[in-house]
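Written below as structure tokens is the structure these notes are about.
The values are calculated or read from the model by the stated rules, or taken from the named source; none is laboratory data. As the structure is a prediction and not an experimental result, all values here were calculated from the model. Cβ placement follows ideal geometry from the backbone for every residue including glycine, while neighbour counts extend to all protein chains displayed.
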Ligand code: CA
């Protein structure tokens, strides 16, 4: 990113050094009236750089949530700050090249939620996705980053699952961690433009899943649900909990928390009924961890949380015209049947 920056001022605003290990993190870019302020932690010291207002986008268009005639699709989820492993899986499966550039042509890559929390390289992962999204679109492809329960948790100040590094970063920057992704930050605005559910061809993608309970309460209008979820980011939990809104959209049967396809699973007949109502043939979800990418209900449900969060192994799902495949960490394609 640095090559786009116009360096106006360089200042060390803090000389705090962490006594144990010197941490590095960032950048966090704050949008002010006439400028942007980029703050990073470099070896335990806060470095602030003033950027020209035009250095990065300050508004993000809401992209469509429905795509047709897509030739190839890949999906993975629950990266949880495990940047290095995610990069390895994407490289070995030819989604990106050695220089981390988009290599999936006109394909669509779906990140099915949960980049935040648990692991130590959340910021690196977010900026990587931020940049890759632009490259994908230029190449005629797409990168879709859907928000999972951990994105919504952090944005709603539920900071229980942060890696131990981030409270230190937050303290150094003298801001609450969720304020690093506030409405006047570049990544905060970018996150606030993201969907919760998208449909590509006949595949529906959502972090947790779609339950009958949710359909009964909220309907099946994907665009409307996405808009409702986006608007809820800046509503307080207390206010949302004052009505049934919170339990519908954020409860255990809501789209970012539902686990009903995996734990004590619902009958296949119920899956068929849900699929009919959402006008899809397959649902791709993350959120429930397995050792690999899994298929359930005769390929009607694919689970792509392959436990990348452990930082050891992970996979990617391919939905291609000739079949459905698990892409292993080393890049082998194994058909799901
Ligand atoms: Ca999750």
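Annotation: residue 87 fulfils all but one of (1) more than 13 Å from the chain's Cα centre (by Cα); (2) over 20 Å from residue 327 (Cα atoms); the unmet one is (2).
Tallying residues that are surrounded by 21 or more Cβ atoms within 10 Å (Cβ to Cβ) and touching a helix residue (DSSP H, G or I) at 6+ places or on another chain (Cβ under 6 Å) within the stretch 110-125 yields 6. Might you check whether a residue that is within 24 Å of residue 133 (Cα to Cα), touching a strand residue (DSSP E or B) at 6+ places or on another chain (Cβ under 8 Å), surrounded by 16 or more Cβ atoms within 10 Å (Cβ to Cβ) and modelled with pLDDT of 95 or more occurs anywhere in the stretch 210-218? Scanning the stretch 210-218, I find no residue that is within 24 Å of residue 133 (Cα to Cα), touching a strand residue (DSSP E or B) at 6+ places or on another chain (Cβ under 8 Å), surrounded by 16 or more Cβ atoms within 10 Å (Cβ to Cβ) and modelled with pLDDT of 95 or more, so the answer is no. Just one residue in the set 195, 144 is in a loop (DSSP other than H, G, I, E, B) and either crowded, with 18+ Cβ neighbours inside 10 Å or not assigned by TED's automatic domain parsing to the domain that holds residue 305 (or both); that residue is 195.
Picking from residues in the stretch 150-172 that are within 30 Å of residue 94 (Cβ to Cβ) and assigned to a helix (DSSP H, G or I), the one that is farthest from the ligand (Cβ to nearest atom) is 151.
Matching residues to (1) in a loop (DSSP other than H, G, I, E, B); (2) touching a residue at least 40 places away in the same chain (Cβ under 8 Å); (3) touching a strand residue (DSSP E or B) at 6+ places or on another chain (Cβ under 6 Å); (4) assigned by TED's automatic domain parsing to the domain that holds residue 171:
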{"site": "50", "(1), (2), (3), (4)": "no, yes, yes, no"}
{"site": "73", "(1), (2), (3), (4)": "no, yes, yes, yes"}
{"site": "89", "(1), (2), (3), (4)": "no, yes, yes, yes"}
{"site": "98", "(1), (2), (3), (4)": "yes, no, no, yes"}
{"site": "104", "(1), (2), (3), (4)": "yes, no, no, yes"}
{"site": "114", "(1), (2), (3), (4)": "yes, yes, no, yes"}
{"site": "118", "(1), (2), (3), (4)": "yes, yes, no, yes"}
{"site": "125", "(1), (2), (3), (4)": "no, yes, no, yes"}
{"site": "129", "(1), (2), (3), (4)": "no, no, yes, yes"}
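If you go through the stretch 31-56 and pick out every residue that is more than 14 Å from residue 185 (Cα to Cα) and crowded, with 17+ Cβ neighbours inside 10 Å, you end up with 7. For residue 175, the conditions (1) in a loop (DSSP other than H, G, I, E, B); (2) under 14 Å from the mean Cα position of the chain (by Cα); (3) more than 16 Å from the ligand (Cβ to nearest atom) are fulfilled apart from (2).
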